[in-house]
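The values are calculated or read from the model by the stated rules, or taken from the named source; none is laboratory data. Since the model is a prediction, treat every value here as computed from it, not as a measurement. So basically every Cβ, Gly included, is an ideal-geometry build from the backbone, and we count neighbours across all protein chains shown.
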Amino acid sequence: MKKELFTKYLQDELEAKKNLLVKNELSDEDKAAVQNSIDNLEGILEKVEQSEDEEGLMELKNTVSDLNDKLTAIEEKIQQNKTEVNKDNMDTQEYLKSQNSLHDFADAIKNAKNAKEFQKNWNDKLVANGFTITEGSESAFVPEAVKGMINDIWDRNADWLRDLNFTGAKKFYCRYNTSDQTLETSRAKGHKEGTTKVGQTINMAAKLLEAQFIYKIQELSYQTIWDSDEALITYVINELVDQILYEVKRAILVGDGRANDSDYKINSFEAIAKTTTDAYTTVSTVTANGFLVDDMRAMVDSIKNDNNKSVLVFMDKASLRTLSRVQASDSSTPVYIPTEQVAEQIGATRIITTDLLGANYKAVAFIPSEYYLVGENILNPVLYTWHEGYKNVDVWRYECVAGGGINAMQSSAVLKAN
């Protein structure tokens with residue numbers, strides 16, 4: 001074998017292995033194997049450049065062949081992954097869809113000591129795969145698997161939140177006329193010839209809806225053992241998203257519940273549950289010794305709904321059982337009618353059971369399309385994660401900017417308990 005040809009062959013092999021190493025398709029174990037092959041090839045190349053023995057060159061060539069055989073499985077796996085993702089080339093969006101992006105995302109966390117370092121690590125991964133990232137926007141690009149986990153949880157648990165009216169605005173003014181429509185000063189008038197026309201009296205008011213940062217932070221001990229990167233991320237995402245969902249639902253139905261001076265109070269959502277009637281919500285109380293179904297019907301009827309929009313009614317399971325229980329006589333066997341039939345009886349589109357109302361409220365009802373949301377879409381949260389070296393924990397933060405309130409007058413109602 002000619003020394004010059006063998007040298008060129010080794011140089012080509014080295015270049016190929018180095019190109020393989022910088023790609024993101026490799027696991028940590030595979031990277032170590034490729035790096036070991038590069039080290040061996042560099043050693044062989046040095047020997048070849050110093051050797052004049054052709055028989056020795058043949059032995060070295062056999063050694064190179066053995067090294068290549070060990071990497072064949074790795075290259076086949078990479079090719080298979082490429083075929084699954086894209087038969088030709090993996091573009092930027094396809095990278096985020098790949099299993100490798102999930103692995104890189106987890107690596108960026110494990111190798112970071114703080115949030116800034118995580119952003120840099122993840123940015124490096126994105127740039128290496130063809131993304132152009134504006135500083136500070138790294139968290140907007142997450143693997144499709146992570147986005148999918150978030151969307152799956154919302155699809156399962158967001159439920160009635162999807163029926164609310166998302167404005168897409170950072171701020172929104174709910175403007176309304178406080179004048180009574182039935183008063184003479186508000187009514188349209190007929191004109192009598194020779195008289196002076198009288199203008200309508202309008203008392204306008206406005207309510208500002210503003211968004212607030214809402215977050216959940218979770219710390220996990222670095223010693224915790226997980227079967228895979230996906231198992232870890234799935235667990236964390238479920239915990240974070242479920243809690244945000246719970247907080248948003250609670251804030252809308254009954255309020256945050258924390259003291260007004262609490263640093264952690266979520267105050268950007270107007271609560272449906274109130275103690276006194278205002279322009280947006282009619283408040284009534286359960287009638288002593290009366291029938292609950294009549295009180296529920298009166299509550300729903302107090303909602304101004306000229307266009308027959310969807311009305312949601314929230315109550316606990318015990319109240320729903322009371323409403324659904326039907327007994328023809330004292331001696332007859334009681335039966336329970338379907339929830340849909342109960343909803344029809346009280347004038348609701350849908351009944352949703354919840355434990356959030358507590359002891360003070362029997363039920364709340366509102367037109368969901370008249371509850372307006374502001375801020376960033378809660379379906380696209382900002383996810384930050386980093387490793388805290390001082391505590392030896394992984395820190396995860398899920399954050400969104402959101403708020404909301406009732407837009408239409410008399411579009412909600414509350415039934416207080418005795």
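Of all residues in the range 195-214 being of a type outside the set (S, T, Y) and either surrounded by fewer than 10 Cβ atoms within 10 Å (Cβ to Cβ) or touching a Leu at 6+ places or on another chain (Cβ under 6 Å) (or both), which is nearest to E376 (Cα to Cα)? Per the criteria, the residue is A206. In the range 286-298, of all residues being in contact (Cβ under 8 Å) with a residue 12 or more places away in the chain and out of contact with any helix residue (DSSP H, G or I) (no Cβ under 8 Å at 6 or more places or on another chain), the one that is farthest from A206 (Cα to Cα) corresponds to A288. With respect to the conditions (1) surrounded by 11 or more Cβ atoms within 10 Å (Cβ to Cβ); (2) without any contact (Cβ under 8 Å) to a residue 40 or more places away in the chain; (3) under 37 Å from the mean Cα position of the chain (by Cα), K189 lacks only one, and its number is (3).
Can you tell which of Q200, Q181 is part of a loop (DSSP other than H, G, I, E, B), more than 36 Å from the chain's Cα centre (by Cα), under 30 Å from Y280 (Cα atoms) and modelled with pLDDT under 70?
On the way: Q200 fails: modelled with pLDDT under 70.
Matching residue, one of Q200, Q181: Q181.
Taken over the range 326-347, the criterion of being among the hydrophobic types (A, V, I, L, M, F, W, C) and not in a helix (DSSP H, G or I) is satisfied by V326, A328, V335, I337. A residue that is under 28 Å from D152 (Cβ atoms) and touching a residue at least 40 places away in the same chain (Cβ under 8 Å) occurs somewhere in the range 305-312. Within the range 272-293, identify whether any single residue is assigned to a helix (DSSP H, G or I) and surrounded by 14 or more Cβ atoms within 10 Å (Cβ to Cβ), and answer yes or no. Yes - at least one qualifying residue is present in the range 272-293. In summary, Q243 fulfils each of the numbered conditions (1) surrounded by 12 or more Cβ atoms within 10 Å (Cβ to Cβ); (2) at pLDDT 90 or above with the single exception of condition (2). Of the candidates T282, T333, the single residue that is farther than 30 Å from W154 by Cβ, of a type in the set (V, I, T) and modelled with pLDDT under 95 is T333.
Of all residues in the range 246-271, count the ones that are loosely packed, with under 14 Cβ neighbours inside 10 Å and of a type in the set (G, A, S). Spell out how you get there, then give the answer.
In the first step, residues of the range 246-271 are kept if they are loosely packed, with under 14 Cβ neighbours inside 10 Å; the result is 246, 258-264.
Within this subset, residues satisfying the condition of being of a type in the set (G, A, S) are 259, 262.
The total comes to 2.
Scanning the range 348-368 for residues that are within 18 Å of Y246 (Cβ to Cβ), out of contact with any strand residue (DSSP E or B) (no Cβ under 6 Å at 6 or more places or on another chain) and assigned to a loop (DSSP other than H, G, I, E, B) yields D355, L356, L357, G358.
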